[in-house]
Structures are given as structure tokens and as C-alpha cells.
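The values are calculated or read from the model by the stated rules, or taken from the named source; none is laboratory data. This is a predicted model, so every value here is computed, not measured. In this analysis, Cβ positions are derived from the backbone assuming ideal geometry, glycine residues included, and neighbour counts consider all displayed protein chains. For the accessible areas, the whole protein counts, side chains as well, though only heavy atoms, and no ligand, DNA or RNA atoms are used. Shrake-Rupley method; radii C 1.70, N 1.55, O 1.52, S 1.80 Å.
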Amino acid sequence: MDALELCYMSAGELSGLIRDKQVSPVEIVDAHLARIEATEPILNSFITLLPEHARQAASRAEAQIQAGNYRGPLHGIPVGLKDLFNTAGVRTTSGSRVMDNFVPTEDCTVAARFQQAGAILLGKLNMHQFAYGPTGENFDYGHMHNPWNPEMVTGGSSGGSGSAAAAGQCTITMGSDTGGSVRIPAALCGIVGLKPTYGLVSRAGLTPLSWCLDHPGPMVRTVEDAALSMNAIAGYDPKDQATSQRATPDYASALTGSVEGLRIGVVKEYFEAPVDSEVEAAVRAALAQLVEMGATVNEVSLPMFADAQAISGTILMSEAAAYHRDLLASNGGNLTPSVRLRLEAGLFVTAADYLKAQQGRARFNHEMAMLFNDVDLLAGPTEPITAPPLLANEVAVGDRMVGTVAALTQFTRPYNISGTPAISVPCGFSGDGMPIGLQLAGRPFDEATVLRAAHAYEQASEWRLKRPPV
Amino acid sequence: MPTDNPLDRPSFDYMAGVAGLDVADDHMNELFSYVQAALAVTDRLHELDTAGYEPDAAFDPAQFYQE
């Protein structure tokens, strides 16, 4: 089988071939390692690549499957983890040279669950330092580059996860999302990114950015692969006190292909903010398609959208500074200057303001819960723009210049505050060939409806069939 | 950027010292400017009516008794 085709097949497609012994995990891993070798000089998706580890794991998987011990849809599937997911015996840098020598002795829960499912770790993926930035620029390990145009950012902070999945370097990647860090690179790289409900996927063994805003989530090329990933990693973990003990469903079985009867609310404030005209047109066309497919779409209002940056920014600054306080005092001079400034600034937020932000969060969540009395999903653009150039401090959004960080996080932050599930699914391309993402968000723990709608739209469109030129 | 939560330099230096930062470092001048701008984000918080809402910090006392 053609090696490049193997790299662009989904886990859903590959799993059938592996189960039926038409293709071996060794063949799949070799194809991906060759793809990485060919594209990595352009993309720089990885901080640590594990070719020998991956080949050995693939050989073991092949032997297990030949012996009749097929574990399920992720057995033999190549996976990459953002480099803040602890991996036993493999350095975990969190995107900073000051962590270059940190080698965990234990896998994080997500890594352990992927391993139990038979997935094969190809390597650790590049990221914005300490996950504190939405662009995917890294001055320690080199910037990440967008597969659709390497002069543009991948988005971040899980930028390597975005580029690796988009370019066929990995079948499944994982990111973490504190203000949008799964959905931003997913939208800008043209893939699917799911931020699950807070407490559904364990944070145990991940370097925190903000304890109460961090959400690990899958970044993949198809919605089905997001569902298959969730089947492997979701659920209670005694090592993470935030995880829920409620039973998790089979997310793949939710992918019925139908949106008949679904009520979708379009948050009007998203379109009152500056949005690029091509992005708005693509998102509105996607919404029109969902209506044709049987959903109802109505405009709704989330007045506290305007407060999202103040609420999440205050919480994020405070918690990030609290976690990194000792590092700042001992080694702050060796951090990337922009990240160091962001971290240190949190040391000056008062306890009263932190708690005021948590009060604001409670009010925000009450307002969002009221919206979900009348709709099943909320929808809008994931990003107001397509991927901006590397190292641009400001970006043009329509006829306005906006700070890059604020522009990239404005539509994603609200669902970190609410902790509710949100997905970015490709919904078009700009005239210059850059991807655009549609964001769909649901009620807490209702990933099934989010995935169902995203999957139905994905199958009705052909965006998933496009491949980046790299 | 204007803020209703001004942080003057002596207060900044005191808080930096308490946090373990080296207040003699030249970096502190850059940080002082950055912090003044960054704290402007809290201005909007101060205008927010949160009467009746308790801080939404997660705490479950039962979590320590599950082992």
C-alpha cells in the first residue's frame, strides 16, 4: 500500500486494515517515520522523535495481532503527544530548555491509556513554551510552521500537534486547551480539535498552565478519530481529583450522520466582533448547510462574551504564576522573554481580583446554562482570521488591527470558562488557501451531540479531503 | 493603558521581592511596564456585577476520603 496514503488514512480506516491483517503496524509506523523525515525540516512539529521506540512497539503490536490479540481501533495507530504530557523514560520539556533534562518516571494517564489501547507513540510534539501563547512560536526548539503555508503560524499552544496531524506525520495527536490551545491550531491547520468537558479527560501527569482551565483533548483529521480517541482516554482517574465518575458512552456510536431536529444557537456577539469576511462567509455557509440537513439555526445572545477575556485572563495569569513561581525565581532569565513576562505578571494579581474573576466565572456559567435551555449547540467561528504570519504582534481583522493573542483567543476562551465541550471542524479555505474552522459547543458531558453534529457536517462537506501542499 | 488598579513602583518592587524576583535586575523596568498594561484586564472585572455569585473554585471535601 502507498506509504503516503497510509499517512493520510484516519484511525477509523487504518483500524479495519490492521484488524484484517491487510496492513501491519510496522508498515504504518515506517510510513509515518518516512513522512516525518521528509517534512520535519519544514514543519518542526517534534521536540523529541522516538523512531526506535516506535518500531519496537510496532513489532510487538504486529505479533500481538498475528497471535489473535487485537485490542481495538487504536491498536497499531501512530500517536504524538504535546510535550507537556509526561512519558516514562522520555524527556518532557513543556517547550522550554530549562526542562531539557526532565525525564518522568511515570506516564501521564492519557499516555498510559493510549498505550493500553495499543497505540504507538511516535514522539513528543513542539509547543508554545509552557503552553502560554496561542501562536506556536518557540524560541528554544524552533518555531512550528503551518503545513498549508510554512510562513504562517500553526496556532498554539499545541502547534506541533496541529501541524503533525494536518501533514500526516501522526494519525492522532493530543493537545491541551486552557484558552483555546487545542481548537486554535486545529482551526489554523485545517484539522479537527476537541476540547472535552472539564473533568472528562484526566490532567494527571500534564504540566499545568491553569488548574481550573486546562483541558486535554484530541487533535485529528476526522471527527470519527476524535470519538475513537475519546473512547480510549475519557473517564474517571483517581489521580485527577477533577475527573468525573460518571460513565462514559461509546462516542463513536453517536456518529449517526444526522442533525435532524438539533437546535443550534449562533452567538451574535461572535459576529459583532471583528471577523475576516472570508471566515464569516465560510462559517455562515456551514450553518446554512446544517439547516439544509435538518438542524434549526437561530441567533442567540451571550452578553458576557465581552467579559470572557477579563475573567479567564485573570484566572489564567494567577494560576500560571502560582504554578511557575519557584521557576521564575530560580531560572526566570532562561525563559523566553514574552513567556517570562506573562508568567511574572500573574504574581501581581491580587487575591481579591482572582476571586472576583471566579465570581464572574460563576455568573458567566449561569448565563451560558440559560442559553442551553433553548439550544442543543452553540456555533460560530473558531477563529476570526486564518493563520497569521510568524512573529506578527498584530493582525488585520477586517479593517482593524488587533493584537494577535487577543484575536486568536477571543472565540475560544468562553468555553474554557464554562468547561463545556467545544470542537473545531474544518469549514472552508480562504482565497490564499488557508483553513477556516467552525466551532460547535455543547452542554457539559454532551460530547456525543457535539461530535454527532461535527461529524454530520464533515461528511456532508469535502474539506477533509484536501491535503496541505507540504 | 489606563487602569483603575494602579500599581506604583514602590508597591511593585515590594511585591516582586515577596515573590522572590530579583528587584535589582534591569528586567524589572520592562516587567513594571508590562504589569501595568496586563492588570488593565482586571478593570472590566471591577465593573462586573457579581452579587449573589460565590467564587466558582472547585472544592470537594469528600475527595480526600475516597482512597
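Of note:
- Checking each residue in the stretch A:338-375 for being more than 7 Å from chain B (Cβ to nearest Cβ), more than 14 Å from B:LEU39 (Cα to Cα) and charged (D, E, K, R) picks out A:ARG340, A:GLU367, A:ASP374.
- A:ALA306 vs. criteria part of a loop (DSSP other than H, G, I, E, B) and out of contact with any strand residue (DSSP E or B) (no Cβ under 8 Å at 6 or more places or on another chain): no
- Odd one out for B:SER33, checked against (1) surrounded by fewer than 13 Cβ atoms within 10 Å (Cβ to Cβ); (2) within 17 Å of the chain's Cα centre (by Cα); (3) modelled with pLDDT of 95 or more; (4) facing another protein chain (nearest Cβ under 9 Å): (4)
- Residues of the stretch A:76-116 that are part of a loop (DSSP other than H, G, I, E, B), buried (at least 21 other Cβ atoms within 10 Å of the Cβ) and not hydroxyl-bearing (Ser, Thr, Tyr): A:GLY76, A:ILE77, A:ASP83, A:LEU84, A:ASN86, A:GLY95, A:ASP107, A:CYS108.
- Matching option when the condition is open to solvent by 20 Å² or more (accessible area, probe 1.4 Å), part of a loop (DSSP other than H, G, I, E, B), within 28 Å of A:SER330 (Cα to Cα) and at the interface with chain A (Cβ under 9 Å from one of its Cβ atoms), among B:ASP49, B:ASP56, B:ASP22: B:ASP22
- Tabulated pairs, the stretch A:144-164, first among the charged types (D, E, K, R), second open to solvent by 10 Å² or more (accessible area, probe 1.4 Å), C-beta under 8 angstrom, 6+ apart or interchain: A:GLU151/A:HIS145; A:GLU151/A:PRO389; A:GLU151/A:LEU390
- Qualifying residue in the stretch A:55-70 (condition: crowded, with 24+ Cβ neighbours inside 10 Å and not small (Gly, Ala, Ser)): no
- Residues in the stretch B:8-19 that are surrounded by fewer than 11 Cβ atoms within 10 Å (Cβ to Cβ) and charged (D, E, K, R): B:ASP8 alone.
- Filter result for A:ALA310 (of a type in the set (A, V, I, L, M, F, W, C), open to solvent by less than 30 Å² (accessible area, probe 1.4 Å), farther than 30 Å from A:SER258 by Cβ and within 8 Å of chain B (Cβ to nearest Cβ)): yes
- Some residue of the stretch A:23-34 being under 24 Å from A:SER158 (Cα atoms) and open to solvent by 20 Å² or more (accessible area, probe 1.4 Å): yes
- Residue that is farthest from A:GLY156 (Cα to Cα) [pool: residues in the stretch A:1-22 that are open to solvent by 70 Å² or more (accessible area, probe 1.4 Å) and in a helix (DSSP H, G or I)]: A:ARG19
- The set of residues in the stretch A:266-279 that are part of a helix (DSSP H, G or I) and buried (at least 18 other Cβ atoms within 10 Å of the Cβ) comprises A:GLU269, A:TYR270, A:VAL279.
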